[in-house]
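The values are calculated or read from the model by the stated rules, or taken from the named source; none is laboratory data. Note that the structure is a prediction, hence the values are computed from the model and not measured. Ideal geometry is used to build each Cβ from the backbone, glycine not excepted, and the neighbour counts take in all protein chains shown. Accessible surface is based on the protein model in full, side chains and every heavy atom, while ligands, DNA and RNA are left aside. Shrake-Rupley method; radii C 1.70, N 1.55, O 1.52, S 1.80 Å.
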Amino acid sequence: MSIDTSTDNFFPQDTAGRVVPIKISGKPLDDAQTMMGILRTVAEFQAAAMRCVVVHGGGKQVTDLLGPLKDTQHSRTKLRITPPSQVPAIVRLSTELQQRIADQCRQVGLEPQLMSASVIEATRLPGHGATGDVDGVRTYAIQEAITKGKVPIIPFGGLDHTGTWLNTNADTSAAAVAAELKAIKLFLLTNERGILVPNGNGQMKLLSYVDFKGLLALLRLLDKNNKFVVDDGMLPKLEAAALAVAQGVDAVHIIKADGLSLREEMVSDVGTGTIIERMQRHRIAVGAHASELPDIKRIRAECMTGDFTAKKGTTFLKPKTDAELTTLLDRTLVFHHRDRLIGTMYFEPVDTHPATVSFGGFAVSHRNQGAQHGRQLCETCLETLGDNGFLTAISITASPVVKNLYKSLGGISDTEGKFGDILSAAAKRYQAEERGDVELFVFNLHQPVSVEDA
Ligand SMILES: CC(C)(COP(=O)(O)OP(=O)(O)OC[C@H]1O[C@@H](n2cnc3c(N)ncnc32)[C@H](O)[C@@H]1OP(=O)(O)O)[C@@H](O)C(=O)NCCC(=O)NCCS
């Protein structure tokens, strides 16, 4: 199969020549179609001069062999205990999986190079049978394969100093490989979309972005039932991600194990799963620069389409002229995510009510929506207004999404009509049938804003 090298234009320039380890486990090990989709994307990366390294886990077959994790866990560490008597069977399985992946690589035009378990230096974990921990990586053979343009295939497991095979976690191996080879990115492919955390209502939501400190906080995060949010399945991935970013890997991506997600994650700055980076790369500034006006207008234009209108078509966002937006620049908040402006809102003091401020113009770029950016922008806006001496903030909306958000941030719908004059003036731009949906929310800035746990 020929590889379309024209795709390299899509990938970030700084990835050329850099090592990109991809840890594959779960469904692709059982499902050839999913594996082939992933490897086709790997072939695109490779054609765009990235140096891919595949690290694979044991998947369902190891579970079938050893039993479910919960039945074979060490009571204190919760790590799997590997009975030494099972080692020959696991090693056989590991070799079979590795060979199968190598065959699949060839089918998409990749040149695989099978790595021996000896590339992973392991130490036995006392009390865990033949389970080991990853101590280091012997990089020579991996580097050599990479130099020849081959894709090293590293199996799970490693050898201790006596040459004994130990069952080590493939996420940890992948993190160690990424750190040793100064990878630009590490991909951990899973059966989930990424890291899921509960929102205020207890629903599990994808966490699209977390920095190193946030990652550590996540490991301690408890849900409403006082159970750790990060479960046994996700824990090794988060630990591996922490190890990798702490040792200099720029970003770890925890994503769904399929070729499209892998590709999209590399191409787009939004991604499909969870990105873990050492340093926070988003920033909310209060006060926008005139040079940011075109981006503010672009985002607002995206948010004034049919998706964001009341039932008769009036846009939730109030139209503003360029001159009006320019006047508001000092009082505009701008959200930069990965060096792009992705969200905006503004505030204006309410002259008729003392210490009161109104905020609005709330918009997040279409493809960044639903990833908690709006919530962060709104929280920052409320905090800023409180810090600036305002006691009350108000905001008018007909958008069900915004109403949900405002309620979760402590906003109370002004049913008593304290701000009735302001609400009826604002409702005039809506059609008669839509006006019943227009609500004014009041925020008491004395009280701390309800900040979600994650
Ligand atoms: C309103 C807007 C800024 C929200 O930004 P966002 O980044 O997508 O929102 P978030 O991901 O931070 O979600 C925050 C909260 O909004 C609510 N929300 C978001 N998407 C929702 C949906 N599809 N349905 C219902 N509520 C939703 C939820 O309460 C959510 O909190 P949760 O995820 O903890 O449940 C964005 O949707 C937007 O730009 N819309 C178009 C413009 C617009 O309508 N502006 C409002 C003018 S009044």
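Residue by residue, here is whether (1) surrounded by 19 or more Cβ atoms within 10 Å (Cβ to Cβ); (2) in the same structural domain as Pro236 (by TED's automatic domain parsing); (3) at positive phi; (4) of a type outside the set (Asp, Glu) holds:
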| position | (1), (2), (3), (4) |
| --- | --- |
| Thr63 | no, yes, no, yes |
| Gly67 | no, yes, yes, yes |
| Val87 | no, yes, no, yes |
| Arg92 | no, yes, no, yes |
| Val108 | yes, yes, no, yes |
| Ala117 | yes, yes, no, yes |
| Pro126 | no, yes, no, yes |
| Gly132 | yes, yes, no, yes |
Return the residue satisfying two criteria in turn: it lies in the range 111-128 and is touching a Ser or Thr at 6+ places or on another chain (Cβ under 8 Å) and in a helix (DSSP H, G or I), and of such residues it is nearest to Gly149 (Cα to Cα). Val119
Might you let me know whether the range 360-369 holds any residue that is under 26 Å from Lys428 (Cα atoms) and of a type in the set (Lys, Arg)? no
Consider only pairs whose beta carbons are under 8 Å apart and that are at least six residues apart or on different chains; among these, list those whose first residue lies in the range 350-362 and is closer than 16 Å to Glu379 by Cβ and whose second residue is basic (Lys, Arg) and within 12 Å of the ligand (Cβ to nearest atom). Gly360/Lys318
Going by what's in this entry, would Thr327 be described as closer than 30 Å to Gly436 by Cα, modelled with pLDDT of 95 or more and of a type in the set (S, T, N, Q)? no
Residues of the range 352-373 being more than 6 Å from the ligand (Cβ to nearest atom) and within 26 Å of the chain's Cα centre (by Cα), which ones? Ser365, His366, Arg367, Asn368
Which of (1) more than 12 Å from the ligand (Cβ to nearest atom); (2) at positive phi does Leu391 not meet, given it meets every other one? (2)
Among (1) in contact (Cβ under 8 Å) with a residue 60 or more places away in the chain; (2) in contact with a helix residue (DSSP H, G or I) (Cβ under 6 Å, 6 or more places away or on another chain); (3) open to solvent by 10 Å² or more (accessible area, probe 1.4 Å), the one test that Val229 misses: (2)
Given the range 1-110, what helices (runs of 4 or more DSSP H) lie entirely inside it while holding 3 or more residues that are basic (Lys, Arg)? 87-107
